[in-house]
Number of protein chains: 2
Amino acid sequence: MKRTIKVAGIQQVCFEDKAKSYERSAHWIAQAAQNGTDLVVMQELHATQYFCQTEEARFFDLAEPLDGPTAQFLSAQAKQHNMVIVGSIFERRAAGIYHNTALVFERDGTLAGFYRKMHIPDDPAFYEKYYFTPGDDEPGFEPIQTSVGKLGVMVCWDQWYPEGARLMALKGAEVLIYPTAIGWDRDDTNEEQTRQKDAWIGVQRGHSIANNLPVIAINRVGYEADPSGHTTGIEFWGHSFITGPQGEFLTLAEHQNETLVEAELDLNRIEQVRRIWPYFRDRRIDQFAPLTKRYID
Amino acid sequence: MKRTIKVAGIQQVCFEDKAKSYERSAHWIAQAAQNGTDLVVMQELHATQYFCQTEEARFFDLAEPLDGPTAQFLSAQAKQHNMVIVGSIFERRAAGIYHNTALVFERDGTLAGFYRKMHIPDDPAFYEKYYFTPGDDEPGFEPIQTSVGKLGVMVCWDQWYPEGARLMALKGAEVLIYPTAIGWDRDDTNEEQTRQKDAWIGVQRGHSIANNLPVIAINRVGYEADPSGHTTGIEFWGHSFITGPQGEFLTLAEHQNETLVEAELDLNRIEQVRRIWPYFRDRRIDQFAPLTKRYID
């Protein structure tokens, strides 16, 4: 059985006003639909600007339940265009418990599943530990079954961890997907900016190769000022990309403008590649228990 | 304290005759010494041609104990040039137990430690499961302390496994080192050959990024015929490289000729990078126990 799917990622600018962000997303989703896309991947927290540049209690007002306005927007888009959509919300689960959550909608607009970001970053201008409770063991690292395949959806900071990618692969994921919002500090040198951007691409490409899985990594673009005025803001670096199951680039947005990144994925190639280079046969699982240690002193 | 070391890898052709291989290695080691190298990394099984292209009992005659002729050669070279050397042997541990083993010699020629290849490949023309017993839990994935730093030495097929790299990092490795013998099947298309070579580079670069560690990956060059005459032999693809702790290329041998690959590694940068992007702080170790499963059905 042929299992080729057309996928697209939306690398876009976001606005303070959610309605304006939806409008921009809808423009690009319609474009992808015209191109016959089966699966659309949005970037991280695409309904708003990246509020985590500063710690301010008022930004919790942006949070929404799993069936809030952003979910409704994504659901309607999925149904209208008969495509699977991976979106991202700032989730309000309860008073005092908020998550950074990816949502997956089926072609008929129903929620196929969700993923709550497991690894939460915290470094200057990315103060996520203030806003987001880490995902707990349900759903944990669990791929989401859809009509286009089993999707290993994680979020941004997760992309630096081989463990998450491997757990998704061991649970049968057929694609690894990372909605992202990462950018440059304008005060860094060009050399440092390039090393960071190349590392971001390189580590995810590594997961693609090590697991013989396609990777879809979609990042924000545009400059966003620091609401607190303390820093020079973030220049989101774009460079969204899609790899095939040998880590080969199928598409790479070589710039920081808004764009669709599109590719055809042949999901049957995963098993072909795993027959040539059978890594999964040989994992030394008898030796891997210490991977659950923080450090081995 | 400044902790900059000069490292070199030797990408060379190997011969059936061990003495001839040693001679070639000695030539390049002397060159590295002239350049002031502190640490030399040899490729995998550098004393002989890659005999695993076929399964023949006579090739077990090539195996040596931990203090056999190849070890003696490496020890003498380390002492003569006052450098640390990572070498590789076909080890005879006992009748019926043979390993693919990396040896690390100190500047004074003493054996600092060894590593027995943990993941053993087996695919057409790389019939290693016939020859090599997988390394057991001693020494396992254990970095080797030397005067130039703590070396996370693994061997070839190990390079495809993020778990090995992570375990070495969790045990304090300051450099990941992969002696390798990998090459192309001449019957593959150019496109497939390029995907394979790029995947080989990409997966190891991924370990460098995910662990904020330099990687030294040294591969064989030259064409070697299949002793059994069944296949068209192997074209070892070279492309040895060294990365810094953000995965940035410090050197990449862009060809398949014999060459030294050389770089200066600033080991203090490891901690600087880990302060900018603190992955190790956030690993979800509460969720990683299933990494010890073959597959999660």
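Here are a few things to note about the model shown:
- Which listed residue is acidic (Asp, Glu), under 27 Å from A:His119 (Cβ atoms) and out of contact with any strand residue (DSSP E or B) (no Cβ under 6 Å at 6 or more places or on another chain), from B:Asp122, B:Asp158, B:Asp185: B:Asp158
- Test set (1) in a strand (DSSP E or B); (2) free of Cβ contacts under 8 Å to residues at least 60 places away in the same chain - A:Glu192 fails condition number: (1)
- Taking the criterion of being crowded, with 24+ Cβ neighbours inside 10 Å and in a strand (DSSP E or B), the residues of segment B:5-50 that qualify are B:Val7, B:Ala8, B:Gly9, B:Ile10, B:Gln11, B:Leu39, B:Val40, B:Val41.
- Residue in segment A:167-177 that is open to solvent by 10 Å² or more (accessible area, probe 1.4 Å), of a type in the set (Val, Ile, Thr) and either more than 9 Å from every other protein chain (Cβ to nearest Cβ) or assigned to a helix (DSSP H, G or I) (or both) present: no
- Counted residues, segment B:147-162 - those being open to solvent by less than 10 Å² (accessible area, probe 1.4 Å), on the phi < 0 side of the Ramachandran plot and in contact (Cβ under 8 Å) with a residue 60 or more places away in the chain: 5
- Within the set A:Gly152, A:Gly113, A:Gly135, A:Gly140, the sole residue that is within 10 Å of chain B (Cβ to nearest Cβ) and either touching a strand residue (DSSP E or B) at 6+ places or on another chain (Cβ under 6 Å) or among the β-branched types (Val, Ile, Thr) (or both) turns out to be A:Gly135.
- Test: residue in segment B:71-94 that is surrounded by fewer than 22 Cβ atoms within 10 Å (Cβ to Cβ), small (Gly, Ala, Ser) and over 25 Å from B:Met168 (Cα atoms): yes
This table checks each residue for (1) within 21 Å of A:Gly206 (Cβ to Cβ); (2) in contact with a Pro (Cβ under 8 Å, 6 or more places away or on another chain); (3) of a type in the set (Val, Ile, Thr); (4) part of a loop (DSSP other than H, G, I, E, B).
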residue: A:Lys129; (1), (2), (3), (4): no, yes, no, no
residue: A:Gly135; (1), (2), (3), (4): no, no, no, yes
residue: A:Glu138; (1), (2), (3), (4): no, no, no, yes
residue: A:Glu142; (1), (2), (3), (4): no, no, no, yes
residue: A:Leu151; (1), (2), (3), (4): yes, yes, no, no
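- Filtered residues of segment A:178-197 (kept if within 11 Å of another protein chain (Cβ to nearest Cβ) and either in contact with an Asp or Glu (Cβ under 8 Å, 6 or more places away or on another chain) or more than 30 Å from A:Asp266 (Cβ to Cβ) (or both)): A:Asp185, A:Asp188, A:Glu191, A:Glu192, A:Thr194, A:Arg195, A:Gln196
- Test: residue in segment B:226-234 that is within 14 Å of another protein chain (Cβ to nearest Cβ) and within 28 Å of A:Pro278 (Cα to Cα): no
- A:Pro278 vs. criteria closer than 22 Å to B:Glu191 by Cα and either among the acidic types (Asp, Glu) or surrounded by fewer than 19 Cβ atoms within 10 Å (Cβ to Cβ) (or both): yes
Yes/no per residue for (1) touching a Pro at 6+ places or on another chain (Cβ under 6 Å); (2) of a type in the set (Lys, Arg); (3) open to solvent by 10 Å² or more (accessible area, probe 1.4 Å); (4) within 9 Å of chain A (Cβ to nearest Cβ):
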residue: B:Val203; (1), (2), (3), (4): no, no, no, yes
residue: B:Arg220; (1), (2), (3), (4): no, yes, no, no
residue: B:Glu248; (1), (2), (3), (4): no, no, yes, yes
residue: B:Ile285; (1), (2), (3), (4): no, no, yes, yes
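- Flag for B:Ala263 being within 14 Å of chain A (Cβ to nearest Cβ) and part of a strand (DSSP E or B): no
The values are calculated or read from the model by the stated rules, or taken from the named source; none is laboratory data. Keep in mind that this is a model prediction, so the values were computed, not measured. Note that each Cβ is placed from the backbone with ideal geometry, even for glycine, and that neighbours are counted across all protein chains shown. Remember, those area values only see protein heavy atoms, side chains included, never the ligands or the DNA or RNA. Shrake-Rupley method; radii C 1.70, N 1.55, O 1.52, S 1.80 Å.
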